[in-house]
Structures are given as C-alpha cells and as structure tokens.
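*Asks:* Sending over a structure as structure tokens; questions will come in a sec.
The values are calculated or read from the model by the stated rules, or taken from the named source; none is laboratory data. For clarity, every value in this text was computed on a predicted model and none was experimentally measured. For neighbour counting, all protein chains shown are included, and Cβ atoms are generated from backbone atoms with ideal geometry for every residue, glycine included. When the accessible area is computed, the model is the full protein with side chains, heavy atoms only, and any ligands, DNA or RNA have been set aside. Shrake-Rupley method; radii C 1.70, N 1.55, O 1.52, S 1.80 Å.
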Amino acid sequence: MDQIVIHGGRRLVGEIPISGAKNAALPLMAASLLTADTLSLSNVPYLADITTMAHLLAQHGVVLHMNGNAENGSPENSGHGGVIDMRAETISSVVAPYDLVRKMRASVLVLGPLVARVGEAKVSLPGGCAIGTRPVDLHLQGLERLGAEIRLEEGYIHALAPRGLTGAKVVFPQVSVGATEDLLMAACLAKGETQLLNAAREPEIVDLGECLIKMGAEIEGLGTDRITIRGVAKLNGAAHAVVADRIETGTYAIAAAITGGTLELIGGRADHLAAVIKVLNEAGVTVEETPRGIKVQRSNGPVRGVDVMTEPYPGFPTDLQAQIMALMSTAEGAAMITESIFENRFMHVPELTRMGANLNVHGASAMVRGRPQLTGAEVMATDLRASVSLVLAGLAAEGETVLNRVYHLDRGYEHLEQKLAACGADIARRRAPV
Ligand code: UD1
C-alpha cells in the first residue's frame with residue numbers, strides 16, 4: 001500500500017491547473033444511460049471513482065471509449081482532462097451489483113436513468129459509509145412520486161415502471177445533491193411535467209442540467225431550489241465539458257493560505273466559491289480573480305480564526321470542512337466549525353490532534369484553538385476530504401508527516417503530489433514498508 005511523505009514548512013508558490021469536478025463527472029456519466037446515442041464528456045478527471053463508474057456503466061451495456069481507447073482500464077490524462085465517449089445503444093443489464101456500488105455511493109445515480117429509459121433497475125443498497133448513515137430514501141420517495149414501484153429485496157433496490165414514469169411534483173423534505181440529480185435525470189424521460197421543490201443548487205447540478213439540455217431535455221430553474229422538467233420521448237447524444245472542480249480549487253486555496261504562499265488556480269471559478277472566499281478573506285487571506293482563474297495569497301502573518309458552518313450550496317461546502325479545520329488549527333485565535341450536513345464527519349479530528357492541533361468536539365461542532373505550529377506525525381487517511389486535510393496540515397507542519405491509506409485521496413484528487421510539488425512542496429509517494 002502507498003504512503004505519502006511530506007516535509008512541511010515550505011511556502012507554496014506557483015500555478016495549479018484545476019481538474020474537472022469528480023462530483024459533476026459522475027452524474028454526467030450516469031446520464032449516458034438516458035440515450036442510445038453517444039455522449040462525449042471532456043475535462044474528465046483521472047480518478048479511481050471515474051474508473052468505478054466506467055466499470056459500472058460497462059456492465060449495464062454502455063460502450064465506453066476513453067481518449068480514443070475502448071475502456072478496459074483507466075483514462076490517460078493529457079493534462080487537460082480526459083475525454084470519455086459513452087454509447088448505451090442497448091441496456092444489457094439493469095443490475096448494479098453490490099461489488100461496485102459498495103466501492104462508491106454515487107453508483108446509486110444509475111437508478112433514475114435506468115428506470116426512466118427501460119422501466120426497471122436493480123441497484124444494490126450502498127450500505128454503511130464512513131461519514132454517517134447516508135440513506136437513499138429521498139431518491140426512492142422521489143421515484144415513487146414519478147410512478148415507480150420500489151421494492152427492497154435481498155439488499156437491492158428493485159425499481160419498476162413498466163409503462164414508464166409520469167411527471168409529478170416532488171417536494172424534497174431535505175436538500176440532497178444526489179437525489180436532485182437522480183430525479184432530474186429520470187424526469188427528462190417521464191411523461192409530462194415534473195417539479196423538483198427544495199432542490200439542491202450545487203454547480204454540479206447546473207452542469208448536469210446543461211448537458212441534459214444539450215441532449216434535448218426541457219429544463220427550467222437550474223441553480224434554484226425549484227426545477228421544472230418537461231419530459232421528452234427521447235434524448236440525443238451531446239458533447240459536454242465537465243465544470244471545474246470547486247472543491248479541488250478550495251483545497252488548493254487553503255494550501256496557499258496554510259503555507260503562507262501564493263497560488264494561481266488555473267480554471268478555478270470564484271463564482272462557485274463565494275462562501276469559501278468570504279471565510280478566507282475574514283481570515284486575512286487575499287483572493288482575486290485573474291484572467292485565467294483565481295489567485296490566493298497570504299503574506300501578512302498568521303490567519304485569524306473564523307467560525308464556519310457547512311450548509312447546502314451556496315453555503316460553505318461540507319467537502320471543505322476538514323480542510324478549513326486544518327487551516328484554523330494554525331490560526332491566531334479560535335474558530336468554531338459546525339458540520340450541518342453529515343453526522344460523523346469529524347474523523348480527521350483525532351489525526352489532526354496527533355499533529356498538535358487543539359480540537360474539542362461537542363456534538364456537531366468542533367472548537368479549534370489555533371496553534372502557531374503543527375508538528376509532523378504518522379497519520380491515517382479515513383475518507384477523501386479528511387485525508388487531504390492531513391496533507392494540508394503536513395504542508396504547514398514542522399518535520400515529516402507520513403500519510404497512510406492514500407487510496408482515499410486517489411478517489412478525488414488528480415495528480416495531487418505532482419501539482420503540489422510543482423509549487424515547491426516537499427511531497428512524495430512511496431510504497432509503505434512492510
Ligand atoms: C454529494 C457529494 C458529496 C457531498 C454531498 C453534500 C457527489 C458524488 N457527492 O453527496 O461529495 O459531500 O453531496 O454536498 O456528488 N440524505 C438522506 N436521504 C437521501 C439522500 C441524502 O437522508 O436519500 C441525507 C444525507 O445523509 C446527508 C444529506 O442528506 O445528511 C445530504 O446528502 P446528499 O446531498 O444527498 O449527498 P450526496 O449526494 O450523497
């Protein structure tokens with residue numbers, strides 16, 4: 001198993017190219033199930049989760065070509081993201097097996113498209129997950145509203161709509177990114193009009209909706225909490241470039257801040273990070289838009305402690321909560337960090353504590369009392385965003401940090417070590433000694 005070794009204390013200076021968003025690419029790939037024509041996605045990041053989704057789609061009968069090659073491995077990265085062509089001329093299986101779904105929760109996004117296209121889907125229940133129970137009840141209730149019959153059988157969700165789905169009003173009792181995406185895709189092929197109320201507003205949903213519109217879907221209200229979809233009989237192929245990853249952008253913005261450096265994040269979108277930029281500004285970090293992206297700089301002394309609460313978009317993203325905690329661990333003063341989206345998303349707390357952070361968790365909040373200096377330690381990655389918070393802490397810490405279980409990072413950060421090393425970080429991957 002690989003480890004990442006960091007010798008901290010170097011200011012990061014330079015440019016980092018931002019990849020396409022994993023969380024946009026995954027639903028966009030699932031959308032290929034909605035049409036018999038080719039959906040061509042560009043700016044797709046080279047990540048383990050993308051490969052998992054490719055394998056899942058392939059076993060549903062989708063023929064995939066990655067950068068011109070038939071899929072049987074990983075997309076090669078050209079530096080500008082990969083291109084994936086997907087063609088679901090026929091759906092050969094409606095089953096999403098446990099083996100693939102348990103690897104990645106986003107697999108559940110094939111549910112809506114399959115039921116909408118062929119009237120049946122059998123998708124394994126995702127099961128437990130490191131950051132809480134994360135049920136899929138909102139996906140199921142929504143599909144039931146569109147007329148699907150849902151049965152839970154032997155660990156599988158069996159959804160049936162032999163005469164197709166019918167548009168309806170779906171009021172989500174809670175904002176869910178995945179359920180909004182699943183229902184948005186399903187409603188495109190339902191008969192009549194669907195309204196999604198209390199819908200999620202994340203840029204990844206807007207990106208999905210824009211691609212669906214290119215495929216012939218009729219959608220209004222993207223980016224608002226009220227999305228209206230008029231179903232069409234069939235969708236066409238399209239070509240679409242995946243939106244820039246706002247979470248990767250935010251992570252590297254925090255890397256600049258925590259090392260007292262200056263980074264230009266090429267392709268990064270300030271308009272997708274307003275809540276994060278507000279926190280960084282209050283902490284004393286300068287963020288400015290440039291013609292190519294955004295530039296983040298901290299040059300005057302330590303950051304200041306700022307309270308942060310995660311919320312659905314446009315609020316502060318839960319996927320940057322661990323990273324901002326690493327930054328606040330080095331701040332002057334205290335910060336209260338509250339997680340309102342997921343229970344049990346503080347697995348990074350004991351690991352950051354091993355690096356000298358002063359953290360106290362009370363329920364859904366963590367009190368962070370900043371320290372002038374963190375110290376390197378051997379730590380363990382527990383989930384994607386928790387792992388990268390340890391990398392950030394390692395970049396600022398004195399001495400050596402060794403991060404174990406880096407496969408979590410490979411699910412969500414493309415070329416992490418290369419991108420950071422190119423800006424002066426002392427970071428390398430090595431085989432763990434046995
Ligand atoms: C997506 C993102 C993930 C991010 C999360 C919140 C992808 C592939 N993943 O995950 O990185 O952390 O949004 O921004 O895009 N919930 C239910 N029932 C459901 C669905 C969700 O109770 O049927 C709850 C969840 O447990 C959680 C909250 O709703 O407490 C939000 O989850 P949701 O927005 O659905 O997250 P995901 O789509 O799984």
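*Asks:* Give the calculated FRET efficiency between Thr90 and Ala233 to the nearest 0.05, with a Förster radius of 22 Å applied to their Cβ-Cβ distance.
*Replies:* 0.80
*Asks:* Let me ask something else about it. Once a ≥ b ≥ c are taken as the square roots of the eigenvalues of the Cα gyration tensor of the range 135-204, is the result rounded (a/c under 1.5), prolate (a/b larger than b/c) or oblate (a/b not larger than b/c)? Present the calculation step by step, with values, prior to reporting the outcome.
*Replies:* Details: a/c = 2.00, a/b = 1.19, b/c = 1.69.
The shape class here is oblate.
*Asks:* Among DSSP bridges having both ends in the chain, what percentage is antiparallel? Round to the nearest 5. Don't skip to the end; give the middle numbers.
*Replies:* Details: 62 of 85 bridges.
About 75 percent, rounded to the nearest 5.
*Asks:* If you roll a 1.4 Å probe over the heavy atoms of the protein chains, what accessible area per residue do you get for the chain, in Å²? Write down the numbers at each step before the final one.
*Replies:* Working: 16570 Å² over 434 residues.
Using a 1.4 Å probe on heavy atoms only, each residue of the chain averages 38 Å².
*Asks:* So what's the gap between the Cα centers of the range 78-109 and the range 161-218, to the nearest angstrom?
*Replies:* Cα centres, the range 78-109 to the range 161-218: 19 Å.
*Asks:* Rounded, prolate or oblate: which one fits the range 251-334, using the alpha carbon gyration tensor with axes a ≥ b ≥ c (rounded when a/c is under 1.5, else prolate when a/b beats b/c, else oblate)?
*Replies:* Working: a/c = 1.89, a/b = 1.10, b/c = 1.72.
Oblate shape, in that a/c is at least 1.5 and b/c is the bigger or equal ratio.
*Asks:* Once you keep just the Cα pairs under 8 angstrom separated by 6 or more residues, what percentage relative contact order results for the chain?
*Replies:* Values: 1100 pairs, mean separation 89.2, N = 434.
Contact order relative to length: 21 percent.
*Asks:* Same structure again: With just the Cα atoms defining each centre, how far is the range 381-401 from the range 235-277? Give it in Å.
*Replies:* 19 Å
*Asks:* Output the pairs from Lys103/Lys169; Lys103/Lys278; Lys295/Lys419 with a Cα-Cα distance over 25 Å in this structure; if there are none, say none. All intermediate terms of the calculation are to be shown ahead of the outcome.
*Replies:* Working: Lys103/Lys169 32 Å; Lys103/Lys278 35 Å; Lys295/Lys419 15 Å.
In this structure, Lys103/Lys169; Lys103/Lys278 lie more than 25 Å apart at Cα.
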